[in-house]
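To keep things clear, I will list the structure first and then write my remarks on it.
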Amino acid sequence: MAGVGVWRLPGMGPPALVLLALCVVGARGLYFHIGETEKRCFIEEIPDETMVIGNYRTQMWDKQKEVFLPSTPGLGMHVEVKDPDGKVVLSRQYGSEGRFTFTSHTPGDHQICLHSNSTRMAFFAGGKLYREERFRLTSESTNQRVLWWSIAQTVILILTGIWQMRHLKGFFEAKKLV
């Protein structure tokens with residue numbers, strides 16, 4: 001199985017190129033596009049004790065010239081492979097060009113996932129996660145305050161009602177109407 005993957009970098013328009021060649025009992029090709037923050041997985045049936053070798057290359061897409069440029073520092077990918085039982089066989093960060101290998105110890109469908117590990121993506125994803133966490137904490141705090149304010153209002157209304165009823169009862173008893 002051989003493959004090509006592509007992901008978009010922020011502000012780069014068309015994608016960066018990831019060239020991937022997996023050799024599993026004969027070579028086959030796979031070509032796909034992925035955005036920089038996307039994760040692309042595919043499933044391949046691999047026999048027992050089979051060595052899988054993957055060669056890859058990542059490239060940036062120049063929107064203005066409409067050509068692929070040589071790889072830039074920090075642009076790379078993360079490869080994760082799980083066996084049919086869901087156990088992680090391989091999970092590793094890679095640079096912009098290279099090779100990865102793993103040996104299957106269980107026959108069956110193996111899940112192979114690829115996603116960008118560029119420093120830009122990590123920076124943007126980290127900032128996004130920080131903002132999301134801060135927003136979640138603010139939302140939870142606001143929700144808690146609204147809940148307690150509602151409970152306080154309810155208690156005040158009940159106490160006011162009880163006081164009014166006792167006061168009116170005392171008033172009418174003093175006037176001898178009740």
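Numbers for the structure displayed
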read-out	value
Test result for HIS105, outside any loop (DSSP other than H, G, I, E, B) and modelled with pLDDT of 85 or more	no
Selected residue (criterion: modelled with the highest pLDDT) from residues of region 83-95 that are open to solvent by less than 60 Å² (accessible area, probe 1.4 Å) and under 13 Å from LEU114 (Cα atoms)	LEU90
Out of GLU38, GLU66, GLU80, sole residue that is at pLDDT 75 or above and at positive phi	GLU66
Residues of region 108-128 that turn out to be at pLDDT below 75 and out of contact with any Ser or Thr (no Cβ under 7 Å at 6 or more places or on another chain), as a count	10
Tally, over region 96-118, of residues that are within 18 Å of the chain's Cα centre (by Cα) and open to solvent by 50 Å² or more (accessible area, probe 1.4 Å)	1
Every residue from region 73-82 that is under 13 Å from ILE112 (Cα atoms) and open to solvent by less than 20 Å² (accessible area, probe 1.4 Å)	MET77, VAL79, VAL81
Residue within region 144-162 that is among the polar types (S, T, N, Q), under 30 Å from the mean Cα position of the chain (by Cα) and at pLDDT 90 or above present	yes
Residue among MET60, MET12 that is assigned to a strand (DSSP E or B) and modelled with pLDDT under 75	MET60
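The values are calculated or read from the model by the stated rules, or taken from the named source; none is laboratory data. These numbers were taken from a predicted model, which means no experiment stands behind them. Please note: Cβ atoms are built from the backbone with ideal geometry, for glycine as well, and neighbour counts cover all protein chains shown. Surface areas here come from the heavy atoms of the whole protein model, side chains and all, with no ligands, DNA or RNA. Shrake-Rupley method; radii C 1.70, N 1.55, O 1.52, S 1.80 Å.
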